[in-house]
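In what follows, a single structure is set out as structure tokens and then discussed.
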Amino acid sequence: MAASRAGPVELGFAELAPAWRLRSEQFPSKVGGRPAWLGASGLPGPGALACALCGRPLSFLLQVYAPLPGRADAFHRGIFLFCCREPPCCSGLRVFRNQLPRKNDFYSYEPPSENPSPETESLCLQLKSGAHLCRVCGCLGPKTCSRCHKVYYCSKEHQTLDWRLGHKQACAQPDHLDHIIPDHNFLFPEFEIVIETEDEILPEVVEKEDYSELIGSMGI
């Protein structure tokens, strides 16, 4: 039975990139930051994103753009990996899928533009479908601040964290909330994953040297 031929090997390299390249409309592969969700359908809720061991919210680690050419419903598809980074747990890896057909209500049928509009430079915590995202982690935010009703959270833990790191003061100025998003130290550093195909390399034939003369001179 003939062995099946292995496909090309793809390697991912983490590189710095401008913010607009890591937004949802660019269908990025990336490490860290907030997840660039494609749409609201099938997004994991707070329960699915809680660590099974400690119960705390999982952190977004990376996503890979992995479309399925043979599937019309997965023309755009992202694979999202989350983990728990709370010591001493640091466990609870979970993987989710988010996908859309090429013709959808949110993105152009054509490939994304390489000349972004100014709006794509700013962080948006609301999906094109209208779903609100957590101000801390960028996942679905079903909870809202009871005072200003302008910001959303996935959990009580993230609401408390944001309150301590600036929302307590900013809550009185709701018109400026979108521009006051502190570094919560919850997210991993953000990089683009640049994927390249590894060229097939044949192993080199290394000729063995004749050590007989050397061994003889050593009296062995």
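Return the residues of the stretch 78-89 that are at pLDDT 95 or above and either aliphatic (A, V, I, L, M) or over 12 Å from the mean Cα position of the chain (by Cα) (or both); say none if nothing qualifies.
Selection gives I79, L81.
Taking G33 as the residue in question, decide whether it is assigned to a loop (DSSP other than H, G, I, E, B), surrounded by 12 or more Cβ atoms within 10 Å (Cβ to Cβ) and either without any contact (Cβ under 8 Å) to a residue 24 or more places away in the chain or out of contact with any strand residue (DSSP E or B) (no Cβ under 6 Å at 6 or more places or on another chain) (or both).
yes
Do any residues in the stretch 41-56 that are over 12 Å from S91 (Cβ atoms) and open to solvent by less than 40 Å² (accessible area, probe 1.4 Å) have Cβ atoms under 9 Å from those of residues that are in a loop (DSSP other than H, G, I, E, B) and hydroxyl-bearing (S, T, Y), where the two are at least six apart or on different chains, and which pairs are they?
These pairs meet every condition: L49/S155; A50/S155.
Can you pull out the residues in the stretch 35-48 that are modelled with pLDDT under 95 and touching a Phe, Trp or Tyr at 6+ places or on another chain (Cβ under 7 Å)?
G39, L43, P44
Just wondering, is there one or more residues in the stretch 71-80 that are under 25 Å from S129 (Cβ atoms), in contact with a Gly (Cβ under 7 Å, 6 or more places away or on another chain) and in a loop (DSSP other than H, G, I, E, B)? I'd like the intermediate steps shown before the answer.
Step one: filter the stretch 71-80 for residues under 25 Å from S129 (Cβ atoms), giving 71-80.
With in contact with a Gly (Cβ under 7 Å, 6 or more places away or on another chain) added as a condition, the list becomes none.
Looking for residues that are under 25 Å from S129 (Cβ atoms), in contact with a Gly (Cβ under 7 Å, 6 or more places away or on another chain) and in a loop (DSSP other than H, G, I, E, B), one finds none in the stretch 71-80, hence no.
State whether one or more residues within the stretch 86-102 are assigned to a loop (DSSP other than H, G, I, E, B) and in contact (Cβ under 8 Å) with a residue 40 or more places away in the chain.
Yes; the residues of the stretch 86-102 include at least one that is assigned to a loop (DSSP other than H, G, I, E, B) and in contact (Cβ under 8 Å) with a residue 40 or more places away in the chain.
On the basis of being open to solvent by 90 Å² or more (accessible area, probe 1.4 Å), farther than 23 Å from G39 by Cβ and of a type in the set (K, R), does K128 make the cut?
no
Of all residues in the stretch 57-77, which are open to solvent by 50 Å² or more (accessible area, probe 1.4 Å) and either among the polar types (S, T, N, Q) or over 14 Å from the mean Cα position of the chain (by Cα) (or both)?
Within the stretch 57-77, P67, L68, P69, G70, R71, A72, D73, F75 qualify.
Return yes when F13 is within 24 Å of I195 (Cβ to Cβ) and within 18 Å of the chain's Cα centre (by Cα) and no when it is not. So that I can check it myself, show each step before the final result.
On the way: within 24 Å of I195 (Cβ to Cβ): yes; within 18 Å of the chain's Cα centre (by Cα): yes.
Here the answer is yes, as F13 does meet what is asked.
What number of residues in the stretch 156-179 are modelled with pLDDT under 80 and open to solvent by 70 Å² or more (accessible area, probe 1.4 Å)?
6
The values are calculated or read from the model by the stated rules, or taken from the named source; none is laboratory data. Since we're looking at a predicted model, the values are computed, not measured. Cβ: placed from backbone, ideal geometry, glycine included. Neighbour counts: every protein chain shown. Each accessible area value is taken on the protein alone, full model and side chains, heavy atoms only, with ligands, DNA and RNA left out. Shrake-Rupley method; radii C 1.70, N 1.55, O 1.52, S 1.80 Å.
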